[in-house]
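Reviewing the structure listed below.
No value in this document is a laboratory result; all are computed from the given coordinates. Note that this is a predicted model, so its numbers are computed, not measured. Note that each Cβ is placed from the backbone with ideal geometry, even for glycine, and that neighbours are counted across all protein chains shown.
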Amino acid sequence: MKKNKIILRKFTKSDSVKLFKWARDPALIKYIGSPESSSAEEEYQRLLNKVKNFGRIIFIIEAKERKPIGYVYIDVDEKNKKAEFSIAVGEKDYWGKGYGTESVKIALDYIFDQLKLNRVFLKVLTFNLPAIKLYKKFGFKKEGTLREDVCLNGKYKDFIIMGLLKKEYENKNR
């Protein structure tokens with residue numbers, strides 16, 4: 001799936017090295033939490049388990065020069081026609097340059113047009129104002145708060161739950 005600046009492509013085993021590196025980057029940990037794996041191989045096995053057993057779809061965000069710069073996770077609940085969505089641009093040189101915006105657009109088009117889902121939701125830390133602004137741009141609405149849901153650097157932080165319905169997305173973005 002292509003857009004002007006990026007390509008979203010399926011995750012491969014070799015990508016687990018980058019994903020593991022990003023999960024250990026302190027600049028990202030403050031937004032995504034502590035890493036769940038202790039090696040790239042363990043990360044690959046963990047993600048493969050999520051794909052096989054829990055309906056996770058993983059895309060790697062590639063810049064046009066074929067450089068992996070981030071990822072998109074889509075956890076599909078086919079029965080209820082919904083998905084939980086998460087994104088991270090792991091390469092800091094690509095932050096604030098529209099790569100996240102393009103990735104969200106491609107992912108939402110995929111969720112609503114290809115997967116034919118009715119709803120998508122996400123969790124975002126309350127202090128991640130650029131991400132909240134981005135999600136609102138696409139029509140996501142705040143649905144609630146998970147109070148003190150994650151412990152980062154010894155301090156509990158809140159997540160905001162944001163959701164978007166297919167009809168809202170179509171009215172705002174088509």
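At-a-glance table
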item: Residues with amide H under 5 Å from that of Asp77, placed H, sequence gap 5 or more; result: Lys82, Ala83, Glu84
item: Least to most buried among Ile74, Ile69, Ile29 (fewest other Cβ within 10 Å first); result: Ile29, Ile74, Ile69
item: P(r) histogram, all alpha-carbon pairs of the chain included - 5 Å bins from 0, percent; result: 1, 8, 17, 20, 23, 19, 9, 2, 0
item: Computed over the chain: relative contact order in percent, which uses C-alpha pairs under 8 Å that are six or more apart; result: 18
item: Charge dipole of the range 6-173 about the Cα centre (unit charges at C-beta), most positive-ward option of Cys151, Ile69, Trp95; result: Trp95
item: Student exercise, the chain dipole from Lys, Arg, Asp, Glu Cβ charges, in Debye to nearest 20; result: 580
item: Sparse-neighbour loop sites [GluC sites (Glu not before Pro); the range 12-85; at most 15 other C-beta within 10 Å; DSSP]; result: Glu36, Glu65, Glu78
item: Members of Lys18/Lys123; Lys116/Lys157; Lys52/Lys133; Lys13/Lys136; Lys13/Lys167 lying beyond 29 Å, as alpha-carbon distances in this model show; result: Lys116/Lys157; Lys52/Lys133; Lys13/Lys136; Lys13/Lys167
item: Separation of alpha-carbon centers, the range 138-161 and the range 76-102, rounded to whole Å; result: 17
item: Sparsely packed trypsin sites (Lys or Arg not before Pro) within the range 75-125, loop by DSSP, other Cβ within 10 Å at most 10; result: Lys79, Lys116
